[in-house]
Amino acid sequence: MSISRRTVLTAGAGAAAGALVPGLAQAAAPTAVTFRLDAETLDGGEQVVSLTLGTGKLGPIAPAGLTTGSFTVHAKATSPIPIADGDQIFSEYDLDRPVTSARLDRHGDIVLGLSYAEGQLGGGTLGYIASRGRNVRLDLEYTITQRKPLVLRTGRPLTISRFTQGRLANPEVDAFGQHVSGAGLKYRLYSPAEARGRRPLIVWLHGGGEGASLPDGYYDNETTLRANRGALGFATPEAQRIFAGAYVVAPQSTSYWIEDGDRFAPQIRAIVAEVSRRHHVDPDRIYVAGCSNGGYMSLKMTTVYPRLFAASVPICGVVEDLIPDPALAGISTPTWLVASLDDDTVDPLANTVHAHELIPRSLVSLYDHVIWNDHQFPGHWSWIYVARNAPAVHGTHVWQWMARRR
């Protein structure tokens with residue numbers, strides 16, 4: 001079996017400050033402000049999309065004087081762990097970030113919109129360490145400089161003399177609680193807004209880049225939700241409506257799922273049992289989905305626990321040399337496989353197509369390329385389609401298909 005690793009995402013979290021252009025300081029008494037980094041997880045990874053300055057406490061600001069030229073923003077992102085000589089980390093940066101909008105929110109805080117897009121360097125929060133095949137959160141340092149004076153509605157000029165960087169906020173990620181299982185496996189858990197009665201449970205198993213890779217001790221329980229929208233997709237209002245309110249759990253491997261599936265399978269099973277015990281989970285509506293390494297692990301779980309899951313969605317998963325043909329042929333869990341034919345990381349024919357030919361009554365969605373919102377991603381990233389509920393067979397989309405299995 002040969003698996004190439006071309007996947008690169010982007011990065012971080014950190015602390016920073018700000019600056020003041022000479023000449024503005026004489027306009028008014030010095031004022032300090034803390035700002036927040038606002039992030040979104042795009043299909044290609046998390047990016048900082050805006051900064052929110054805590055100016056509401058300073059008094060009402062006249063919006064007419066606030067423009068994209070009022071402030072400039074510089075961003076620096078560096079690895080949180082040492083990089084060995086000869087190794088490489090992708091997506092570090094040290095650059096100015098264009099301010100594309102400036103507005104006041106309902107609290108009177110200034111929100112600076114930043115230029116960002118899929119594949120655009122300079123806004124990401126993750127870095128990819130080549131030798132370890134793993135994403136890490138970058139240390140982020142943002143510097144804000146005031147370039148033009150602001151005016152309060154009273155007519156008094158406002159000068160911000162010092163900016164202090166605060167937390168990174170991503171509402172979708174922050175909605176998932178942090179947990180550690182009895183066996184020491186970390187996981188994130190989303191709970192539906194209204195959990196009266198028994199609810200479904202969706203288990204999301206991440207790809208190889210989102211696991212830990214000890215011995216450096218880096219095990220953050222973060223990249224599983226920041227590297228892509230795999231788990232987040234199931235927590236969106238659309239998915240929650242389709243599943244009538246579902247718990248979503250995302251365990252994080254201490255290495256790679258494919259390193260030792262026999263060892264990880266009972267650990268994942270224990271997390272399912274723990275969540276089911278603590279919450280109102282319907283045992284007949286437990287689902288598993290995963291990408292790449294997690295695609296393998298999704299299939300592995302249905303071979304080890306044939307009656308646990310109502311449905312399985314393995315995406316660009318690895319089976320070659322890992323799951324024997326008789327085990328695939330013996331899978332009884334309803335299975336829908338997904339891959340892109342231009343995947344040059346995991347051979348789709350030797351893995352996804354081969355598994356489909358062996359798993360009884362399985363469904364398969366094969367794409368020529370991975371394209372979403374006119375942006376073409378690497379062929380390995382076919383999980384994007386599942387995160388967007390795109391795969392469909394005879395008019396039934398994958399989320400609806402899952403929700404009907406029990």
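The values are calculated or read from the model by the stated rules, or taken from the named source; none is laboratory data. Here the structure is a predicted model, which means the values were calculated and not measured. Positions of Cβ are backbone-derived with ideal geometry, glycine not excepted, and every protein chain shown enters the neighbour counts. Areas reflect the complete protein model, heavy atoms only, side chains present, ligands, DNA and RNA absent. Shrake-Rupley method; radii C 1.70, N 1.55, O 1.52, S 1.80 Å.
With Cα atoms defining each centre, region 60-138 and region 322-382 are spaced 34 Å apart in the structure. Straight Cα distances below 17 angstrom link Lys57 to the aspartates and glutamates Asp105, Asp109, with same-chain residues fewer than 8 positions distant left out. Residues whose amide H falls under 5 Å from that of Thr164, counting only those 5 or more places apart or on a different chain, are Val33, Thr34, Phe35, with hydrogens built in the peptide plane.
The distance between label points at Thr154 and Asp216 comes to 5.1 nm (points 7 Å beyond Cα on the Cα→Cβ vector).
Within the chain, antiparallel bridges make up roughly 65 percent of the DSSP beta bridges whose residues both belong there.
For region 112-192, the gyration tensor built on C-alpha atoms gives a prolate shape. Its axis ratio a/c (a ≥ b ≥ c) is at least 1.5, and a/b is the larger of a/b and b/c. Going Cα to Cα from Lys186, which lysines come in below 25 Å? Please leave out same-chain ones fewer than 8 positions away. Within reach: Lys300. Ligands, DNA and RNA left out, the accessible area of the chain computed with a 1.4 Å probe is 51% carbon and sulfur.
Each peptide in 167-174, 127-134 gets a packing score, the mean of other Cβ atoms within 10 Å over its residues, and the list from highest to lowest is 127-134, 167-174. Could you point to the residue in Thr159, Ala183, Gly233 farthest towards the positive end of region 147-252's charge dipole, with +1 and -1 charges on the Cβ of Lys/Arg and Asp/Glu respectively? So the residue we want is Thr159. Just one of (1) 1.01; (2) 1.12; (3) 1.08 is Cα Rg over 2.2 N^0.38 Å calculated from these coordinates, so which is it? Only one option fits the structure, namely (3).
Using a probe of 1.4 angstrom and keeping all protein chains present, the accessible surface of region 195-354 works out to 32 square angstrom per residue. With the Cα gyration tensor of region 153-255 giving a ≥ b ≥ c as the square roots of its eigenvalues, does the rule (a/c under 1.5 for rounded; else a/b larger than b/c for prolate; else oblate) give rounded, prolate or oblate? Verdict is oblate for region 153-255.
About its Cα centre, the dipole of region 287-375 is roughly 640 debye, where the only charges are +1 on Lys and Arg Cβ and -1 on Asp and Glu Cβ.
Computed 3J(HN,Hα) for region 389-394, one whole-Hz value per residue from the Karplus formula 6.51 cos²θ - 1.76 cosθ + 1.60 where θ = phi - 60°, is 6, 7, x, 8, 10, 6, glycine and proline marked x. For the chain, the dipole from Cβ point charges (+1 on Lys and Arg, -1 on Asp and Glu) about the Cα centre works out to 1820 debye, to the nearest 20. Could you tell me whether region 260-382 comes out rounded, prolate or oblate from its Cα gyration tensor? Rule is a ≥ b ≥ c as square roots of the eigenvalues, rounded for a/c under 1.5, then prolate if a/b exceeds b/c, otherwise oblate. Judged from the Cα gyration tensor, region 260-382 comes out prolate (a/c at least 1.5, a/b above b/c). Evaluating 6.51 cos²θ - 1.76 cosθ + 1.60 at θ = phi - 60° for every residue in region 56-65, the Karplus couplings come out as x, 6, 8, x, x, 8, 6, x, 4, x Hz, glycine and proline recorded as x. Label positions at Ala390 and Lys57, each projected 7 Å from the Cα along the C-beta direction, are separated by 4.5 nm.
Each residue of region 346-355 was assigned a 3J(HN,Hα) from its phi angle through the Karplus curve 6.51 cos²θ - 1.76 cosθ + 1.60 (θ = phi - 60°); the sequence is 10, 4, x, 6, 6, 10, 5, 5, 4, 5 Hz, with glycine and proline shown as x.
Peptides 180-193, 140-153, 338-351, 226-239 ranked from most to least packed give 226-239, 338-351, 140-153, 180-193, packing being the mean of other C-beta atoms within 10 angstrom over each peptide's residues.
Each Lys and Arg contributes +1 and each Asp and Glu -1, all at the Cβ; summed about the Cα centre of region 238-395, the dipole is approximately 880 debye.
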